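**Student:** Got a structure for you, written out below as structure tokens; questions coming shortly.
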Amino acid sequence: MKNVAAKKTPVPSASLKAVEKYGYFDDRTNEFVITTPLTPRPWENRIWNEELNLQISNHGTGVTYTRNNKDKFVLFNYHHPNRCVYVYDRGTKTLWAPNWYPVNAGLDRYEVRHGLKYTVFRAEKDGLEVTWRVTVHARDTAELWRIEVRNTSRRKKDILLVPFYQVDLHLSDPYFEVDFYKSSVSLEKRCLYIKNHACVRKGEDDALGFHASRPFKKFEMNMGGFLKEFGTLSAPTTVTRDAWSNSLIDDDRKPCFAAGFDLAVAPGRTLGTDVEIFKADTFADAQRQAVRYAAKPPFDPAVRAHAAYAKKLLSLNTIRTEDPILDRFANVWIKHQTWYNAEWNRGWGQGFRDCMSDGDLFRMFDPRRVRTRILQAAAHVFADGHTVRKFFPPAEKPYFDGGIWFQHTICQYIRETADWAILKEEVPYYKSDERDTLLGHIKRTVAFLDQQRGPDGICRMGFGDWNDAVNGIDREGRGQSIWTTMAYIFGLKNVADVLEQLNDPDAKVYAGRAAKLTEILNTKFFEGDRYVRAVTDAGRIIGSQQNKEGRIFIEPQGWALFTGVAGPERAERIVEAVRRELYVPYGVMLMSPPFTVYQEDVGRLSNDPPGIIENGSNYVHGSLFYIYGLTQVDKPDEAWDLLHRVLPTNPLNPPEQSTLE
């Protein structure tokens, strides 16, 4: 690697030793296979559709939630452990679970396969093999299970099989609210139902139904009824003693779904059940859905639908290099992540900046989805040109960088699709009766940033920029962000390029503005080997050689490389400084040295523990800005090396140290 300076920390490009202790990638099936339950932390998969977000770990734990029509999240389950398949072998009097936790019994074999929109648990013990498959419905707000019990011994097995699901049904802001649950049951339709009747709730959003394909007579819907006196989730008395009370719930105690299936499994035979856990407005609705699922079991169609889309997605924009780790990352897993982000963004919310940057990548795979997201974002641009911080749930703190991501994503989308018609789409401004074309929205965001100038003629910080933790810079309206200014230059160049194709006279105006801002940055804010990060209200420089802490930040260095702000000579000096001060075996530090004392004019960043989050950690997003910058200044080998350092397969940063998944 001709450009790599940090020779003391080489990363073998094809090594998988970092993860072999816990599992391996199966490239034939595009799965990560976990071979031990003793991972450094529960390793999660993301399984979702447009209505439901299921996060499930190799222990079966993980939150499930949906969005309701009030810009809130409704938690289906949250507490740990919140789902499990209990297996009680009456012959050997042993209790175990294919997901291991919370029983934690020794298993003869344990394997979990995290795939693209599904997870498969497979475990063996004492002549039994249990397979538990989990996915989500193709359209419905429903979590789907398929449980199969195979007898691999020579003797008949008498088994009690118990699917368990701890119900939450909170909104995401449960403070000062009192839960009150009621339940209903129809054994004929194999349907259980729980609803939270908390008096402050409106509508019918917080209710769940349970359906099993196999008939059952034993059930519990009350955690007290399931655990019984002195019982625990590692050994629930209902299961270990087969002591079912068919409990309902009609109070504020904790609800659950648990159903007991008595299985007599002959040698070589397989028995089991499908389970659906789904949103249902009323008990009548739950019964109708149960009947529908019984008539047309949804598990196989859902698996086929997810697989068909994944196959199409993985066939697009593929690469083939000498490095299987890079190929796997680019061809499978980054696509899987952006697929998730295209529909759920970061999961708990839809940040304006996040949605736009996610769309910038996903345009290469599904431009239709990105078009929809762009128009959704446009409806969250204020008439003065600034944007919301998040549009689900709504958050309006005045971050000033939203328009930059908006501009860039639209320009890249047009380059990818030649969909010039999108610029003529009319969308209302946020909280305004005024409507305008998408092009009008773009120009408003450009104008807003131009109006928000500080004393030195560059962009103000506002409440924060890409680095949310640098939120003390501009409390009084004079703090300035070098990064935002670079990003604005990037946006001006992008928009100018699009406007030039339209023969719009603003193209020259924007290009000229970008050139003037570049000159200011290079004249006032370049210190010989780095661009400083920000200027406080009082004029104090942050990210300067003169600082004791926070002397250099990666964001302005990376953006200076790929925006063209730094010419070739400055680029070389920047790279040398970053190598010297920010390279670590695990990638690139976001800034250094970390802050150890709170500084009010810096903000939250200086209050975080050193090496944590933005305060000097190896923050992957920031690293990737810089890695991309290296590719734009003819240093591809160094970029390649740094990319390997941030991946969880880096043997110098094994999972037991990083706890990465």
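**Student:** Conditions first: (1) of a type outside the set (Val, Ile, Thr); (2) in contact (Cβ under 8 Å) with a residue 40 or more places away in the chain; (3) not in a strand (DSSP E or B). Gly272 passes all but one, so which condition is the exception?
**Tutor:** Failing condition for Gly272: (3).
**Student:** So, of the residues in segment 444-468 that are small (Gly, Ala, Ser) and crowded, with 20+ Cβ neighbours inside 10 Å, which turns out to be modelled with the lowest pLDDT?
**Tutor:** Pass one, segment 444-468, residues small (Gly, Ala, Ser): 447, 454, 457, 462, 464.
Add one more test, that the residue is crowded, with 20+ Cβ neighbours inside 10 Å, and what stays is 454, 462, 464.
Values: Gly454: 97, Gly462: 94, Gly464: 90.
By that ranking, first place goes to Gly464.
**Student:** Another question, then. Could you tell me whether any residue of segment 12-23 is closer than 22 Å to Leu314 by Cβ and at pLDDT 90 or above?
**Tutor:** yes
**Student:** Quick one: which helices (runs of 4 or more DSSP H) sit completely within segment 343-459 and have at least 3 residues that are among the charged types (D, E, K, R) and closer than 26 Å to Val74 by Cα?
**Tutor:** 352-362
**Student:** Here's another thing I want to ask about it. Which of (1) part of a strand (DSSP E or B); (2) modelled with pLDDT of 95 or more does Arg214 not meet, given it meets every other one?
**Tutor:** So the condition that Arg214 fails would be (1).
**Student:** Condition first: surrounded by 22 or more Cβ atoms within 10 Å (Cβ to Cβ), among the hydrophobic types (A, V, I, L, M, F, W, C) and in a strand (DSSP E or B). Can you find one or more residues in segment 35-51 that meet it?
**Tutor:** yes
**Student:** So Ala571 clears everything in (1) within 13 Å of Tyr626 (Cα to Cα); (2) aliphatic (A, V, I, L, M); (3) within 31 Å of the chain's Cα centre (by Cα) except one condition, right? Which one?
**Tutor:** With (1) within 13 Å of Tyr626 (Cα to Cα); (2) aliphatic (A, V, I, L, M); (3) within 31 Å of the chain's Cα centre (by Cα) applied to Ala571, the lone miss is (3).
**Student:** Here's a follow-up. Can you pull out every residue in segment 57-97 that is on the phi > 0 side of the Ramachandran plot, open to solvent by 20 Å² or more (accessible area, probe 1.4 Å) and modelled with pLDDT of 95 or more? Quick ask: steps written out before the conclusion?
**Tutor:** As a first pass, look at segment 57-97 and keep what is on the phi > 0 side of the Ramachandran plot: 60, 62, 71, 93.
Retained after the next criterion (residues that are open to solvent by 20 Å² or more (accessible area, probe 1.4 Å)): 71, 93.
Lys93, the sole residue that qualifies.
**Student:** Also: Take segment 288-334 and flag every residue that is touching a helix residue (DSSP H, G or I) at 6+ places or on another chain (Cβ under 8 Å) and either within 22 Å of Lys189 (Cα to Cα) or basic (Lys, Arg) (or both).
**Tutor:** Selection gives Arg320 alone.
**Student:** Can you confirm whether Thr518 is in contact (Cβ under 8 Å) with a residue 40 or more places away in the chain and either assigned to a helix (DSSP H, G or I) or open to solvent by 30 Å² or more (accessible area, probe 1.4 Å) (or both)? Show your work before the answer.
**Tutor:** Values: in contact (Cβ under 8 Å) with a residue 40 or more places away in the chain: yes; either assigned to a helix (DSSP H, G or I) or open to solvent by 30 Å² or more (accessible area, probe 1.4 Å) (or both): yes.
So Thr518 fits the description; yes.
**Student:** Checking Pro394 against (1) open to solvent by less than 30 Å² (accessible area, probe 1.4 Å); (2) more than 30 Å from Leu647 (Cα to Cα); (3) under 22 Å from the mean Cα position of the chain (by Cα), which single condition isn't satisfied?
**Tutor:** For Pro394, the exception is condition (1).
**Student:** Any idea how many residues of segment 77-115 are touching a residue at least 24 places away in the same chain (Cβ under 8 Å), touching a Ser or Thr at 6+ places or on another chain (Cβ under 9 Å) and of a type in the set (A, V, I, L, M)?
**Tutor:** 4
**Student:** Does any residue of segment 311-324 turn out to be open to solvent by 30 Å² or more (accessible area, probe 1.4 Å), in contact with a strand residue (DSSP E or B) (Cβ under 9 Å, 6 or more places away or on another chain) and either of a type in the set (Ser, Thr, Tyr) or free of Cβ contacts under 8 Å to residues at least 24 places away in the same chain (or both)?
**Tutor:** Among the residues of segment 311-324, not one is open to solvent by 30 Å² or more (accessible area, probe 1.4 Å), in contact with a strand residue (DSSP E or B) (Cβ under 9 Å, 6 or more places away or on another chain) and either of a type in the set (Ser, Thr, Tyr) or free of Cβ contacts under 8 Å to residues at least 24 places away in the same chain (or both), which makes the answer no.
**Student:** Identify all residues within segment 98-153 that are part of a strand (DSSP E or B), open to solvent by 10 Å² or more (accessible area, probe 1.4 Å) and over 16 Å from Thr270 (Cα atoms); write none if there are none.
**Tutor:** Answer for segment 98-153, where residues must be part of a strand (DSSP E or B), open to solvent by 10 Å² or more (accessible area, probe 1.4 Å) and over 16 Å from Thr270 (Cα atoms): Arg109, Tyr110, Glu111, Arg113, His114, Tyr118, Val120.
**Student:** Moving to a separate point now. May I ask you to list pairs of residues, at least six apart or on different chains, whose Cβ atoms are under 9 Å apart, with the first in segment 207-235 being β-branched (Val, Ile, Thr) and the second being assigned to a loop (DSSP other than H, G, I, E, B)?
**Tutor:** From residues that are β-branched (Val, Ile, Thr), the pairs are Thr232/Pro102.
**Student:** Additional query: Every residue in segment 598-615 that is out of contact with any helix residue (DSSP H, G or I) (no Cβ under 7 Å at 6 or more places or on another chain) and under 18 Å from Ile541 (Cα atoms), please.
**Tutor:** Pass one, segment 598-615, residues out of contact with any helix residue (DSSP H, G or I) (no Cβ under 7 Å at 6 or more places or on another chain): 600-613.
Those that are out of contact with any helix residue (DSSP H, G or I) (no Cβ under 7 Å at 6 or more places or on another chain) and under 18 Å from Ile541 (Cα atoms): Glu600, Asp601, Val602, Gly603, Arg604, Leu605, Ser606.
**Student:** Could you tell me whether Val588 is under 19 Å from Ser544 (Cα atoms) and either buried (at least 17 other Cβ atoms within 10 Å of the Cβ) or small (Gly, Ala, Ser) (or both)? Before the answer, list the steps.
**Tutor:** Values: under 19 Å from Ser544 (Cα atoms): yes; either buried (at least 17 other Cβ atoms within 10 Å of the Cβ) or small (Gly, Ala, Ser) (or both): yes.
In short, yes.
Residue by residue, here is whether (1) open to solvent by 20 Å² or more (accessible area, probe 1.4 Å); (2) part of a strand (DSSP E or B); (3) closer than 19 Å to Pro98 by Cβ; (4) aliphatic (A, V, I, L, M) holds:
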{"residue": "Gly224", "(1), (2), (3), (4)": "yes, no, no, no"}
{"residue": "Phe230", "(1), (2), (3), (4)": "yes, no, no, no"}
{"residue": "Val239", "(1), (2), (3), (4)": "no, no, yes, yes"}
{"residue": "Ala243", "(1), (2), (3), (4)": "yes, no, no, yes"}
{"residue": "Leu248", "(1), (2), (3), (4)": "yes, no, no, yes"}
{"residue": "Asp251", "(1), (2), (3), (4)": "yes, no, no, no"}
{"residue": "Ala258", "(1), (2), (3), (4)": "no, yes, yes, yes"}
{"residue": "Asp262", "(1), (2), (3), (4)": "yes, yes, yes, no"}
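**Student:** Got a number for residues in segment 397-424 being open to solvent by 40 Å² or more (accessible area, probe 1.4 Å) and touching a Ser or Thr at 6+ places or on another chain (Cβ under 9 Å)?
**Tutor:** Counting residues in segment 397-424 that are open to solvent by 40 Å² or more (accessible area, probe 1.4 Å) and touching a Ser or Thr at 6+ places or on another chain (Cβ under 9 Å) gives 1.
**Student:** Can I ask one more? Residue by residue through segment 546-557, note down the ones that are touching a strand residue (DSSP E or B) at 6+ places or on another chain (Cβ under 9 Å) and either within 10 Å of Tyr531 (Cα to Cα) or open to solvent by 10 Å² or more (accessible area, probe 1.4 Å) (or both).
**Tutor:** At the first step, the residues of segment 546-557 found to be touching a strand residue (DSSP E or B) at 6+ places or on another chain (Cβ under 9 Å) are 547, 549-557.
Those that are touching a strand residue (DSSP E or B) at 6+ places or on another chain (Cβ under 9 Å) and either within 10 Å of Tyr531 (Cα to Cα) or open to solvent by 10 Å² or more (accessible area, probe 1.4 Å) (or both): Asn547, Glu549, Arg551, Ile552, Phe553, Ile554, Glu555, Pro556, Gln557.
**Student:** While we're on this one: Look at segment 425-443 and say how many of its residues are farther than 17 Å from Ala496 by Cα and either open to solvent by 60 Å² or more (accessible area, probe 1.4 Å) or not hydroxyl-bearing (Ser, Thr, Tyr) (or both).
**Tutor:** Residues flagged as farther than 17 Å from Ala496 by Cα and either open to solvent by 60 Å² or more (accessible area, probe 1.4 Å) or not hydroxyl-bearing (Ser, Thr, Tyr) (or both) within segment 425-443 amount to 9.
**Student:** Could I ask something else about it? Can you tell me which of (1) under 25 Å from Gln501 (Cα atoms); (2) assigned to a loop (DSSP other than H, G, I, E, B) is the one Ala469 doesn't meet?
**Tutor:** The number of the failed condition is (1).
The values are calculated or read from the model by the stated rules, or taken from the named source; none is laboratory data. The structure displayed is predicted, hence computed values, not measured ones. Ideal geometry is used to build each Cβ from the backbone, glycine not excepted, and the neighbour counts take in all protein chains shown. Remember, those area values only see protein heavy atoms, side chains included, never the ligands or the DNA or RNA. Shrake-Rupley method; radii C 1.70, N 1.55, O 1.52, S 1.80 Å.
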